[in-house]
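Contents: one structure, followed by commentary.
The values are calculated or read from the model by the stated rules, or taken from the named source; none is laboratory data. Computed from a predicted structure; not experimentally measured. Note that we place each Cβ from the backbone using ideal geometry, even for glycine, and neighbour counts take in every protein chain shown.
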Amino acid sequence: MILIDSQLKELCVYLKLIQPYDESLINPSSIDLRLGSKILLDTPEGFKEYDISPHTKENPFKLQPLDFCLAHTLETIKVPNNHTTWLHLKSSRAREGLSHALAGWIENGYKGVVTLELFNMRKNNTIDLYQGLKICQLIVSKTESPDKGYNGKYQGAKTVESSKDI
């Protein structure tokens, strides 16, 4: 069962599902998450880190056509063991030509920021990025508690991280 606004608020207030918590981010059946301060931009030499915190809506970082980057959410999430979550890109971002790779599943028990895989699908125009941009929606579902929650290599992430399998 996907949780609705009143249930999401309860999880955020009592179980600290997202931090920092801002009630205005609650939707009827999801929570908006915002773009964090750092991105890893794909370059011919590999990923290059950029701090986008100085950028604003009025003076954004410009993701160039066909560029790929890893980014992170401003919010840290703490998924209870009896819940699971997944991400969907905000429809406004998709309509701008931004794509999010299909790595949006977040296991029971995960704690940390969420890394996003972002791609500018446009061939001729940039896409504006800045810290605080509403980038994706977190959908939460109640589950049974697994024997053990997530304790993988990305547990406790505090910033954007590239693959640890390389």
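Yes/no matrix, rows are residues, columns are (1) outside any strand (DSSP E or B); (2) without any contact (Cβ under 8 Å) to a residue 24 or more places away in the chain; (3) more than 21 Å from residue 13 (Cα to Cα):
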| residue | (1), (2), (3) |
| --- | --- |
| 76 | no, no, no |
| 87 | no, no, no |
| 103 | yes, yes, yes |
| 112 | no, no, no |
| 116 | no, no, yes |
| 136 | no, no, no |
| 141 | no, no, no |
| 148 | yes, no, yes |
| 160 | yes, no, yes |
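Please specify each residue of the range 46-97 satisfying the condition of being within 29 Å of residue 143 (Cβ to Cβ) and polar (S, T, N, Q). Steps first, please.
Kept after step one, since they are within 29 Å of residue 143 (Cβ to Cβ), are these residues of the range 46-97: 70-91, 93-94.
Residues satisfying the conditions are 73, 76, 81, 82, 84, 85, 91.
Among 111, 57, which is the only one that is surrounded by fewer than 21 Cβ atoms within 10 Å (Cβ to Cβ), out of contact with any Asp or Glu (no Cβ under 9 Å at 6 or more places or on another chain), modelled with pLDDT of 95 or more and not polar (S, T, N, Q)? Spell out how you get there, then give the answer.
Working: 57 fails: out of contact with any Asp or Glu (no Cβ under 9 Å at 6 or more places or on another chain).
One residue alone meets the criteria, 111.
How about the range 16-39: which of its residues are surrounded by 12 or more Cβ atoms within 10 Å (Cβ to Cβ), assigned to a loop (DSSP other than H, G, I, E, B) and not hydroxyl-bearing (Ser, Thr, Tyr)?
16, 17, 22, 27, listed by residue number.
In the range 129-153, which residue that is buried (at least 17 other Cβ atoms within 10 Å of the Cβ) and hydroxyl-bearing (Ser, Thr, Tyr) is nearest to residue 21 (Cα to Cα)?
130
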